[in-house]
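Here's the structure we're looking at; comments come further down.
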Amino acid sequence: GAGVSQSPSNKVTEKGKDVELRCDPISGHTALYWYRQRLGQGLEFLIYFQGNSAPDKSGLPSDRFSAERTGESVSTLTIQRTQQEDSAVYLCASSLARTFTDTQYFGPGTRLTVL
Amino acid sequence: AQRVTQPEKLLSVFKGAPVELKCNYSYSGSPELFWYVQYSRQRLQLLLRHISRESIKGFTADLNKGETSFHLKKPFAQEEDSAMYYCALRGSGYSTLTFGKGTMLLVSP
């Protein structure tokens, strides 16, 4: 079946602009995760959704970052007033989340470049 | 706080040589440990997890709680093993993963 999809695959924007990144999880997956990977760094957790609620937003780096999810479907990560340090690959993952041990399946990522 | 350390950014070996990718973690409870792999131009995918105690593509990893390590091993590396490998930890009662910075494995012919 179809895996996790993300759009756009690449986004180049100017400093100060807002951007929206989209994630389509695997159908039926109730849990959805956003991670960020800056160059030379590991993946940083940003936010976790269970259904359309976000029990863990602890990784959001600033109030310029927000995310929402519609039901158990699409999620959008919004970055307002982008800064150059926001340049990174943003990865989305989803899981069945029947238990905490369910495997997370990753999307291909969105590469964001802030000029 | 939980932390995952992968001390090597790059590991270069010849085909047929043994491989050990190091991973150390810091966590006060009972963690669940994973290895994820990202081949060139492919998405990140799960390679193995310690609770399964399985061998995937010839790779194994044993959780050593005394040394807080979860090193990934393969006795004979193949060129197709060349990829970026990430060690990850999930704390008890949590869904999110904490990742290491990754180790690039290059297997030369």
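Non-local lysine pairs in region B:14-109, meaning eight or more places apart or on different chains, with alpha-carbon distances under 20 Å, amount to 12.
Give me the net charge of A:Gly3's neighbourhood, meaning all other residues with Cβ under 12 Å from the Cβ of A:Gly3; Lys, Arg count +1, Asp, Glu -1. Computed value for this residue: 0.
Provide Rg over Rh for chain B; use the alpha carbon set for both Rg and the Kirkwood Rh (inverse mean inverse pair distance).
On the way: Rg = 13.3 Å, Rh = 13.9 Å.
Computed over Cα atoms, the ratio is 0.96.
How many percent of all Cα-Cα pairs in region A:8-54 sit more than 14 Å apart? When every Cα pair of region A:8-54 is considered, 66 percent fall beyond 14 Å. For chain A, a Gaussian network of Cα nodes joined below 10 Å ranks A:Ser87, A:Ser75, A:Ser53 by mean-square fluctuation, and the top entry is A:Ser53.
Across q = 0.07, 0.16 Å⁻¹, the protein assembly as shown modelled as identical point scatterers on its alpha-carbon atoms has Debye log10 I(q)/I(0) values of -0.22, -1.12, in the order of the q list.
Across the options A:Thr30, A:Gly40, A:Asn10, the greatest Cα extent toward the positive end of the charge dipole of region A:1-42 (unit charges at beta carbon of Lys, Arg, Asp, Glu) belongs to A:Gly40.
Loop-resident chymotrypsin sites (Phe, Trp or Tyr not before Pro) (DSSP state other than H, G, I, E or B) in region B:1-51 with no more than 16 further Cβ atoms inside 10 Å of their Cβ: B:Tyr39.
Since every read-out is calculated from the coordinates, none of them should be taken as a lab result. Computed from a predicted model, the values in this text were never measured in an experiment. Don't worry about glycine lacking a Cβ; one is built from the backbone with ideal geometry, like all the others, and counts go over all protein chains shown.
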